[in-house]
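The values are calculated or read from the model by the stated rules, or taken from the named source; none is laboratory data. Small disclaimer: the values here were computed from a predicted structure and weren't measured. Counting neighbours? That spans all protein chains shown, and the Cβs are built from the backbone with ideal geometry, glycine included. Accessible surface is based on the protein model in full, side chains and every heavy atom, while ligands, DNA and RNA are left aside. Shrake-Rupley method; radii C 1.70, N 1.55, O 1.52, S 1.80 Å.
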Amino acid sequence: MPYLLISTQIRLEAGPTMVGDENSDPHLMSILGATKRTMPGNNFCEYYVNDAPRVVLDKLESLGYRVVSMTGVGQTLVWCLHRE
(Lines give C-alpha, C1' and ligand atoms only; values in the text may rest on other atoms or scores of the structure.)
Protein backbone atom coordinates (compact mmCIF):
# COMPACT_ATOMS: atom_id res chain seq x y z
CA MET A 1 0.00 0.00 0.00
CA PRO A 2 2.17 2.88 -1.22
CA TYR A 3 -0.28 5.77 -0.56
CA LEU A 4 -1.47 6.94 2.84
CA LEU A 5 -3.73 9.81 3.95
CA ILE A 6 -3.50 11.29 7.43
CA SER A 7 -5.62 14.11 8.79
CA THR A 8 -6.56 16.12 11.83
CA GLN A 9 -9.09 18.78 12.71
CA ILE A 10 -7.64 22.30 12.72
CA ARG A 11 -8.64 22.80 16.35
CA LEU A 12 -6.84 19.55 17.24
CA GLU A 13 -3.37 20.25 15.79
CA ALA A 14 -1.84 18.58 18.86
CA GLY A 15 -3.73 15.35 18.15
CA PRO A 16 -5.39 13.02 17.75
CA THR A 17 -4.40 12.26 14.17
CA MET A 18 -6.40 10.00 11.84
CA VAL A 19 -3.87 7.69 10.17
CA GLY A 20 -5.91 5.14 8.23
CA ASP A 21 -9.22 3.62 7.29
CA GLU A 22 -10.62 0.18 8.05
CA ASN A 23 -8.71 -1.30 5.08
CA SER A 24 -5.29 0.06 6.10
CA ASP A 25 -2.27 -2.18 6.63
CA PRO A 26 -2.64 -3.56 10.18
CA HIS A 27 1.15 -3.93 10.53
CA LEU A 28 1.72 -0.23 9.70
CA MET A 29 -1.08 0.78 12.06
CA SER A 30 0.59 -1.27 14.80
CA ILE A 31 3.95 0.45 14.19
CA LEU A 32 2.23 3.84 14.50
CA GLY A 33 0.46 2.74 17.69
CA ALA A 34 -2.94 3.36 16.12
CA THR A 35 -6.23 2.09 17.47
CA LYS A 36 -9.33 1.43 15.40
CA ARG A 37 -12.53 3.22 16.37
CA THR A 38 -15.93 4.03 14.94
CA MET A 39 -17.26 7.51 15.56
CA PRO A 40 -20.97 7.85 16.43
CA GLY A 41 -23.04 8.20 13.27
CA ASN A 42 -20.41 6.61 11.00
CA ASN A 43 -20.75 3.13 9.53
CA PHE A 44 -16.99 2.74 9.03
CA CYS A 45 -13.87 2.49 11.20
CA GLU A 46 -10.81 4.72 11.24
CA TYR A 47 -7.39 4.34 12.85
CA TYR A 48 -6.30 7.10 15.24
CA VAL A 49 -3.19 7.92 17.25
CA ASN A 50 -3.01 10.47 20.06
CA ASP A 51 0.16 11.99 18.56
CA ALA A 52 0.30 15.35 16.82
CA PRO A 53 0.50 15.22 13.00
CA ARG A 54 4.16 16.34 13.13
CA VAL A 55 5.07 13.31 15.24
CA VAL A 56 3.18 10.98 12.87
CA LEU A 57 4.86 12.56 9.84
CA ASP A 58 8.28 12.03 11.46
CA LYS A 59 7.49 8.35 12.11
CA LEU A 60 6.25 7.83 8.55
CA GLU A 61 9.33 9.53 7.09
CA SER A 62 11.53 7.06 8.99
CA LEU A 63 9.49 4.27 7.34
CA GLY A 64 10.15 5.61 3.83
CA TYR A 65 7.01 7.71 3.29
CA ARG A 66 7.26 11.17 1.71
CA VAL A 67 4.63 13.91 1.68
CA VAL A 68 3.16 14.30 -1.80
CA SER A 69 0.66 17.04 -0.97
CA MET A 70 -1.07 18.80 1.89
CA THR A 71 -4.31 20.77 1.95
CA GLY A 72 -7.01 22.15 4.16
CA VAL A 73 -10.55 20.90 3.62
CA GLY A 74 -13.00 22.90 5.69
CA GLN A 75 -11.79 22.48 9.28
CA THR A 76 -9.57 19.49 8.42
CA LEU A 77 -5.88 19.32 7.50
CA VAL A 78 -4.98 16.43 5.15
CA TRP A 79 -1.57 15.06 4.12
CA CYS A 80 -1.07 12.57 1.27
CA LEU A 81 2.06 10.43 1.57
CA HIS A 82 3.68 7.91 -0.77
CA ARG A 83 6.27 5.21 -0.26
CA GLU A 84 8.35 3.77 -3.11
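Remarks
- Entry comment: accessible area of segment 3-82 is 60 Å² per residue, from protein heavy atoms only and a probe of 1.4 Å.
- Sulfur and carbon atoms: percent of accessible area, the chain [1.4 Å]: 53
- Taken about its Cα centre, segment 3-82 carries a charge dipole of about 100 debye when Lys and Arg each add +1 at the Cβ and Asp and Glu each add -1 at the Cβ.
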